[in-house]
Amino acid sequence: MHIDVQPRDHVLVLKPYEPRIDSHVAVEFRHALGDHAASSRRLLLDLSEVEFIDSSGLGAIVAAHRRAHEHGGLVICAPSEVVLRLFRLARLDRIMQIAKDVDEALSALST
Amino acid sequence: MDETDPGDPESLRDAVLRHARGTLGREWDDLSPRERLAAVSWATRERILGRMLATERRWRRTDAKRVAYLSMEFLMGRSLENNLRNLGLWDECRAGLAELGVDVEELAASEADAALGNGGLGRLAACFLDAMASLDVPGYGYGINYEYGLFRQSIDGGWQRERPDAWRALGTPWLVERADEAVVVPLRGHIEHVDGEGPLGGHWLGWDVLVGVPHDMPVVGHGGRTVNALRLYSARASDEFDIAIFNEGDYLEAVRRKMESETVSKVLYPPDGDERGRELRLVQEYFFTSCAIQDIVKAYLRDHDDLAGLPDKVAIQLNDTHPALAVAELMRVLMDEHGLGWDAAWSITTRTLAYTNHTLLPEALECWSAALLRRVLPRHLQIVEHIDHRFQGEVGARFPGDEARRARMAIVDRGGHEPMVRMAHLAIVGSHSVNGVARLHSELVKSQLVPDFHGMWPERFNNKTNGVTHRRWLAGCNPELAALLDDALGTAWRDDLTLLRGLEPFADDASFREDFLRIKHANKERLATIVEHTAHVPIDPCSLFDVQAKRIHEYKRQLLMALGVVHEYLELLDGRTPPVPRSSLFAGKAAPGYWAARQHIKFINSIARVIDADPRARDWMRVAFVPDYRVSLAERMIPAADLSEQISTAGMEASGTGNMKFALNGALTLGTLDGANIEIRDEVGEENIFIFGLTADEVAQHRERGSYRPRELYEQVPELRRVLDALDGDLFSSGSGTHFRWIKDALLDGGDPFFVLADLPAWIVTQQRVGRLFADPHAWARKAVLNVARMGFFSSDRTVREYARDIWHVPVRDVQAPRSSCSDPITLVEPPS
């Protein structure tokens, strides 16, 4: 899977170009997120190109969230309606910030 | 009639021809019989769908409160004739098709039944949908779009054989797929605790996804003004998911996963003998419940912003405990997906849900192991445990120190070797209303089934005696009798069945009775032909048609009637002839894994074979087991019955609805004081029904005291001894190698838990009265007419009115007001505030 990585100020913006994050790409996704989460930067995960994410994909995000927590956290942005529902289903909206777009997310990370 | 869907014969004929070419791609003359049925159905469907859209617009425009009826079963039967009759287009269609050389009745009779149910519970749901649409209630059914309905039954060597019922394998015009409204249903996985939240904390991860694709079956109300829908969900794998695997080349894996997902809506009630079967059943229940709840909430939010108003705009009725997970699912959706707090979500849930209990049989009360729920629905188990925790606190505060009561009322029963979730308790705690389905049943729910709950919340319990839709079960299945009623009373009874009371004076009118008897005889001739073709038993239409047609179950006591028939046969062999010849007709399906019920079918067929072969008996009695009992067969058997056997052990049948259908069509009831039989007796009058046997109280006392001793009865009553001893030899088993000695042993040594021997002498004596009365056709007909006249109470319209008034709080159409046209406002009766 391709993940576009853009440093913006002190934030790494990660944008997966993968319409479907499921068990077939979850391991790769988990490793990629894990590597970036271990860096000393805050993470912004831009899901605008993702149409569906299953629970293994969510699991990878949870793992990245835990690791990134030490460095200022991880913010999700631009999820589709379906993806947002899946975050809510797993109650991940309770522990992660979810912004509607990159600007809102960057603003959240700067505070 | 709406100008967009003209209903004159010519327009109907043209529409049929148009669909022959445009939908089926053939000229009319080249169509097979099945394709002709399809062309007529498509032409009818287009007339229905316009009305369905108009109905939906009306509900949205008026912001009407909706009723969602959640049921694992909907025994809909055939659709074409019922839809045409309710549209008021039956006669027009007959005329239009006659021009094409087609007999519409024959064509409609070739339609496959939608047998998405086992018996009474599913048929009740279907009757309620009809009544809601006819009363202008925005009522929607929610269920499963089973690929295979209830099995088709054939009889082979006297044994039941089952064949799959692929009712829609060749397509059906009656389902409108709504792929764009599919919902995602998560299941399995685990709760992962990321932070230090409380008992409801953690995150549901590792789930699989099922996709629920809705299919709408239109439900046409009487007069065609209101067309609601039954929304049935098919389980599908996510298409994208399969494509992803497919693209990687693992086609077989893609197919396996797809099939596994689609198994969920494959078969009605899979055998639940092993853990895998039980899990599939649980997934089925959750699947359709989750689909329904998601759909209901989404539809509500289309026109409303605040979920706090949900109970004012939606009533959800749980038909038995199969959809009881709605309590947890609605809580989950409100809390997890819409961010409400516990108290707000609980208030909405309990004010929206209502629960109908259907059984007093302890073994039929659903329980799921907590371990299974944890594996399949971990988040829901968390919620259920929290509901139970809070409820336990409430019980403790109300009844301090009464630990035994707390344990009895617990939702999660921790008294056994593994914790079990009692679904009835969950449904009661999560609902604002709990109703039984007949007066006696509702009393027994309160006094015997869940007395602790009744003690805590007496106001929550109520009775709603079942009813049947007279549009299918009189006007549709017995059109000649319906026409006779029209002649006598006018047609208003079709809108208000209580008007049948006006028929009472006709019971004393000899010429009316003649007409009544003539119609009954014609119905019996028609059934005799079916019996000869399917059961291969010739029966005389002049004989007394004594019918027991219902699911085969020990508590319903087909065995009691069978042993009674054996008694009559032995009497004949002893030279004592009955007052009239009799045809004893049985029909019904046994659950494939129910050994005793299957044996009873074999026993009945063995009796039939012996009598058929015995020239001393066959002029006086015939016995037939009519195979493959289903809605469309019931529509033939019920109008032809003289005597309706409703002989369950008192206290065990919740209500019954077959009893109502038979009496409505002029059969006299031979019944125990059980279920709705009691109310039928009260309505038709004690002198117009044959009541016999132990009462529910007497049965309960025997059970409590252990005072019932069937062997003593055997020794004291010569008739019983003679009947049971006849099972010792090979009278009924010669040649087949199957012996029925086990029946005698089970009755005498197994305690006879259904009190068959206790009631058999009374059945025999009462049947003698039946025979003597039948020997006088006009005396019989007088009582039969009075039965028809006094069955108005048992219309499902009355039942739905009561639900609407007491539980759902929705207005219903005022039948006293003149019927309006499609564009007029409806006169509604508001429920009391």
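The values are calculated or read from the model by the stated rules, or taken from the named source; none is laboratory data. Not measured: the values here are computed from a predicted model. Virtual Cβ from ideal backbone geometry, glycine too; neighbours counted across all protein chains shown.
A few comments on the model shown:
- B:Ala817 satisfies every condition listed in (1) at pLDDT below 80; (2) among the aliphatic types (A, V, I, L, M); (3) assigned to a helix (DSSP H, G or I) except (3).
- Search result, residues across the stretch B:33-85 that are part of a loop (DSSP other than H, G, I, E, B) and either surrounded by fewer than 24 Cβ atoms within 10 Å (Cβ to Cβ) or small (Gly, Ala, Ser) (or both): B:Thr62, B:Asp63, B:Ala64, B:Lys65, B:Ser71, B:Arg78, B:Ser79
- Among (1) surrounded by fewer than 16 Cβ atoms within 10 Å (Cβ to Cβ); (2) modelled with pLDDT under 95; (3) part of a helix (DSSP H, G or I) - the single one B:Ala371 does not satisfy: (2)
- From the list B:Glu329, B:Glu262, the one residue that fits, being touching a strand residue (DSSP E or B) at 6+ places or on another chain (Cβ under 8 Å), closer than 21 Å to B:Gly189 by Cβ and of a type in the set (D, E, K, R), is B:Glu262.
- Within the stretch B:15-32, tally of residues that are outside any helix (DSSP H, G or I) and in contact (Cβ under 8 Å) with a residue 12 or more places away in the chain: 2
- Contacts under 8 angstrom Cβ, first residue in the stretch B:438-449 being closer than 13 Å to B:Gly675 by Cβ, partner part of a helix (DSSP H, G or I), 6 or more apart: B:Ala438/B:Ile678; B:Ala438/B:Glu679; B:Arg439/B:Ile678; B:Arg439/B:Glu679; B:Leu440/B:Ile678; B:Leu440/B:Ala696; B:Leu444/B:Ala696; B:Val445/B:His454
- Residue in the stretch B:646-665 that is assigned to a strand (DSSP E or B) and either at pLDDT 95 or above or not aliphatic (A, V, I, L, M) (or both) present: yes
- Qualifying residue in the stretch B:136-159 (condition: part of a loop (DSSP other than H, G, I, E, B), on the phi < 0 side of the Ramachandran plot and surrounded by fewer than 20 Cβ atoms within 10 Å (Cβ to Cβ)): yes
- Test: B:Asp156 is within 30 Å of B:Val376 (Cα to Cα) and either out of contact with any Pro (no Cβ under 6 Å at 6 or more places or on another chain) or not charged (D, E, K, R) (or both): no
- A residue that is more than 14 Å from chain A (Cβ to nearest Cβ) and of a type in the set (Lys, Arg) can be found somewhere in the stretch B:166-182.
- Candidate set from the stretch B:665-695 (those that are small (Gly, Ala, Ser) and within 24 Å of the chain's Cα centre (by Cα)); member that is farthest from B:Asn787 (Cα to Cα): B:Gly675
- Any chance A:Glu18 is in contact with a His (Cβ under 9 Å, 6 or more places away or on another chain) and more than 30 Å from B:Met331 (Cβ to Cβ): yes
- Note on the stretch B:707-766: residues that are in contact (Cβ under 8 Å) with a residue 24 or more places away in the chain, of a type in the set (Gly, Ala, Ser) and at positive phi amount to 1.
- Taking the stretch B:374-406 as the range and being surrounded by 16 or more Cβ atoms within 10 Å (Cβ to Cβ), over 30 Å from B:Thr465 (Cα atoms) and not hydrophobic (A, V, I, L, M, F, W, C) as the test, the residues that pass are B:Arg374, B:Arg375, B:Pro378, B:Arg379, B:His380, B:Gln382, B:Glu385, B:His386, B:Asp388, B:Gln392, B:Arg406.
- Any hit, the stretch B:371-383, residues being under 30 Å from B:Lys556 (Cα atoms) and away from chain A (no Cβ under 14 Å): no
- Of the residues screened, B:Leu365 is not one that is touching a residue at least 12 places away in the same chain (Cβ under 8 Å), within 21 Å of B:Ser71 (Cβ to Cβ) and within 14 Å of another protein chain (Cβ to nearest Cβ).
- Subset of the stretch A:18-71 (residues that are within 14 Å of chain B (Cβ to nearest Cβ) and either of a type in the set (S, T, N, Q) or in contact (Cβ under 8 Å) with a residue 40 or more places away in the chain (or both)): A:Ser23, A:Ser55, A:Ser56
- Lone qualifier among B:Gly120, B:Gly96, B:Gly88 - being at positive phi, in contact (Cβ under 8 Å) with a residue 12 or more places away in the chain and not polar (S, T, N, Q): B:Gly88
- Selected residue (criterion: nearest to the chain's Cα centre (by Cα)) from residues of the stretch B:452-470 that are surrounded by fewer than 24 Cβ atoms within 10 Å (Cβ to Cβ) and assigned to a helix (DSSP H, G or I): B:Arg460
- Residue within the stretch B:350-364 that is crowded, with 17+ Cβ neighbours inside 10 Å, under 23 Å from B:Arg123 (Cα atoms), polar (S, T, N, Q) and touching a helix residue (DSSP H, G or I) at 6+ places or on another chain (Cβ under 6 Å) present: yes
- Of the criteria (1) buried (at least 23 other Cβ atoms within 10 Å of the Cβ); (2) away from every other protein chain (no Cβ under 13 Å), which one A:Pro79 fails: (1)
- Yes/no for B:Ala427 being free of Cβ contacts under 8 Å to residues at least 24 places away in the same chain and within 29 Å of B:Asp336 (Cα to Cα): no
- The residues of the stretch A:88-106 that are under 13 Å from the mean Cα position of the chain (by Cα) and at the interface with another protein chain (Cβ under 10 Å from one of its Cβ atoms), listed by number, are A:Leu92, A:Asp93, A:Ile95, A:Met96.
- Matching residues in the stretch B:183-197 - criterion: being in a loop (DSSP other than H, G, I, E, B) and either modelled with pLDDT of 85 or more or more than 12 Å from chain A (Cβ to nearest Cβ) (or both): B:Arg188, B:Gly189
- Entirely in the stretch B:283-362, the helices (runs of 4 or more DSSP H) that have 2 or more residues that are within 14 Å of another protein chain (Cβ to nearest Cβ): B:326-332, B:342-352
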